[in-house]
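**Student:** Quick one: the structure is below, questions incoming.
The values are calculated or read from the model by the stated rules, or taken from the named source; none is laboratory data. Being a predicted model, the structure only gives us computed values, none of them experimental. Don't worry about glycine lacking a Cβ; one is built from the backbone with ideal geometry, like all the others, and counts go over all protein chains shown. Each accessible area value is taken on the protein alone, full model and side chains, heavy atoms only, with ligands, DNA and RNA left out. Shrake-Rupley method; radii C 1.70, N 1.55, O 1.52, S 1.80 Å.
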Amino acid sequence: MDKKSACCCGALPAMWWWLLTLLGLPLLFFLMTGARQGVVEKDLATRSQAALKAAGMDWAQVSLDQRGRDVLLNGMAASDQERIAAFKTVQSVYGVRDVQNMVEVAAASASEPAQAAPSKTPEFLLQSVNGKVVLQGVMGSQQEIDEALAAAQGVYGVGKVDNQLQLAEGVAPAAWVKDLAGLLPALQGLENASLKVSAAGNSIGGQAPSNADKASFLDKARALLGEGIVDDLAVKEAAPDQMVKIPEQAPAADAKPEAAAEEQAAANCQQQLNDAMNGKTVLFETNKSGIKLDSAALLDSLVGIVTTCKDVVADRGIQISGHTDSVGNAAYNQMLSQQRADAVKDYFVNKGVDAGLIKSVGFGASKPVASNANEAGRSQNRRITFDINPE
């Protein structure tokens, strides 16, 4: 009798036995893992929920059903900060691999403020050059920009106002806009008029026809913008044929030496400023009024000289003048030179120099010291100068 196998599988070749074994091992691993997955998910869910409760966030729920070690986080948070806190709490639980944050943030109630309080102050700058007016600054509403533009156009005409005012979020209301319509007409009597209203301070500049006109302009500006407005107004010099000659009087004998000493002191201080600036220049960002850090040492040395000469400066004051080359629009160059002079003035004031002793003036490209036909000359024309005012 022939021997027969006791099992029907005994007739299978060895190769098939190996194949069935290799296929069976992954299946066995899958069955074991599947049985273990439920235990792992339950453990992670329990510990994650406990962590949320300990952190006072019972409103959040976790789910790991058929997700392994990846947690699904749900709930309604009172704020975005709470939403992030719940996410970080679950993420820190040992064994959690990933957290899908599906938490929603509840809408703010009607009693809560709709937005944060304004963090910026409005700014307004008017520059008048040869009948052309440029408006710059930032405001918090289009209505305020429209009011400022309408006030300027009502004085100078629609075609003569270049509006560069910008709208920005978080800017506080400009309560003074309504006063511009009453102030700007007075500026028509000024040459190269300028008006600056900002958190750093208000100022009015230009050339008045006479001392009486200057006083009138200042009174009106202070009535509308406050007593703290900085006076950058100059009085236009009379033509030679209009000047009234006053008989010269001989100074008192005891006053002559004192006057000569004051003149010499002023000349010495001016020479110190000139020496400090010899071969040097205040550097700004290209086409901007931001002072480069490289110029801090130079400006600090100038502040030191002004401080040392405080008695002379207190009697006469000091003028910071901004100049540009002739490249570009004349109105823009005038405005840029004024902004740069203002920036240097602000630097001096921040270092302790009395703002009332400093006058900042922008001359644009009107006073070149070299040819604008080449870069070397243009570089010399782009400058800031410091002059102790004559009595």
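**Student:** Listed residues Ser203, Ser194, Ser141, Ser210; which is surrounded by fewer than 17 Cβ atoms within 10 Å (Cβ to Cβ), hydroxyl-bearing (Ser, Thr, Tyr) and closer than 21 Å to Asp232 by Cβ?
**Tutor:** Ser210
**Student:** Of all the residues that make up the stretch 213-229, how many are buried (at least 18 other Cβ atoms within 10 Å of the Cβ) and among the polar types (S, T, N, Q)?
**Tutor:** Qualifying residue count, the stretch 213-229: 0.
**Student:** Scanning for something out of contact with any helix residue (DSSP H, G or I) (no Cβ under 6 Å at 6 or more places or on another chain) and under 15 Å from Asn287 (Cβ atoms), does the stretch 357-377 turn up at least one residue?
**Tutor:** Within the stretch 357-377, none of the residues are out of contact with any helix residue (DSSP H, G or I) (no Cβ under 6 Å at 6 or more places or on another chain) and under 15 Å from Asn287 (Cβ atoms).
**Student:** Residue check, Ala174 against (1) in a loop (DSSP other than H, G, I, E, B); (2) of a type in the set (A, V, I, L, M, F, W, C); (3) buried (at least 17 other Cβ atoms within 10 Å of the Cβ); (4) out of contact with any helix residue (DSSP H, G or I) (no Cβ under 6 Å at 6 or more places or on another chain), all met but one. Which one?
**Tutor:** Unmet for Ala174, out of (1) in a loop (DSSP other than H, G, I, E, B); (2) of a type in the set (A, V, I, L, M, F, W, C); (3) buried (at least 17 other Cβ atoms within 10 Å of the Cβ); (4) out of contact with any helix residue (DSSP H, G or I) (no Cβ under 6 Å at 6 or more places or on another chain): (4).
**Student:** If I go through the stretch 287-341 residue by residue, how many of them are on the phi > 0 side of the Ramachandran plot and touching a Leu at 6+ places or on another chain (Cβ under 8 Å)?
**Tutor:** 2
**Student:** Tell me, please, whether a residue that is at pLDDT 80 or above and small (Gly, Ala, Ser) can be found in the stretch 107-123.
**Tutor:** No, there is no match, as no residue in the stretch 107-123 is at pLDDT 80 or above and small (Gly, Ala, Ser).
**Student:** Among (1) part of a helix (DSSP H, G or I); (2) closer than 22 Å to Ile204 by Cβ, there is one condition Gly377 misses while meeting the rest; what is its number?
**Tutor:** Tallying (1) part of a helix (DSSP H, G or I); (2) closer than 22 Å to Ile204 by Cβ, Gly377 fails exactly one: (2).
**Student:** Follow-up question, since we're still on this one. Looking at Ala373, Ala266, can you tell me which residue is farther than 25 Å from Gln164 by Cα, free of Cβ contacts under 8 Å to residues at least 60 places away in the same chain and either surrounded by 20 or more Cβ atoms within 10 Å (Cβ to Cβ) or among the hydrophobic types (A, V, I, L, M, F, W, C) (or both)?
**Tutor:** Only one candidate qualifies: Ala373.
**Student:** Only residues in the stretch 272-297 that are free of Cβ contacts under 8 Å to residues at least 60 places away in the same chain and β-branched (Val, Ile, Thr) count as the first member; pair them with residues that are surrounded by 12 or more Cβ atoms within 10 Å (Cβ to Cβ) and assigned to a loop (DSSP other than H, G, I, E, B), Cβ under 8 angstrom, at least 6 apart or cross-chain, and list the lot.
**Tutor:** Close Cβ pairs (under 8 Å, with a partner that is surrounded by 12 or more Cβ atoms within 10 Å (Cβ to Cβ) and assigned to a loop (DSSP other than H, G, I, E, B)) amount to Ile291/Val282; Ile291/Leu283.
**Student:** Can you go through Thr281, Thr385, Thr286 and tell me which one is at pLDDT below 90, β-branched (Val, Ile, Thr) and either open to solvent by 40 Å² or more (accessible area, probe 1.4 Å) or in a strand (DSSP E or B) (or both)?
**Tutor:** When all the criteria are applied, what remains is Thr286.
**Student:** Go over the candidates Ala148, Ala60, Ala54, Ala78 one by one and state the one that is modelled with pLDDT of 85 or more, more than 30 Å from Ser194 (Cα to Cα), of a type outside the set (D, E, K, R) and surrounded by 15 or more Cβ atoms within 10 Å (Cβ to Cβ).
**Tutor:** Unique residue meeting the criteria: Ala60.
**Student:** Checking Cys309 against (1) under 24 Å from Val235 (Cα atoms); (2) open to solvent by less than 40 Å² (accessible area, probe 1.4 Å); (3) touching a residue at least 60 places away in the same chain (Cβ under 8 Å): exactly one of these is not met. Which one?
**Tutor:** (1)
**Student:** Being among the basic types (Lys, Arg) and without any contact (Cβ under 8 Å) to a residue 12 or more places away in the chain is the filter here; which residues of the stretch 212-233 pass it?
**Tutor:** Passing the criteria: only Arg222.
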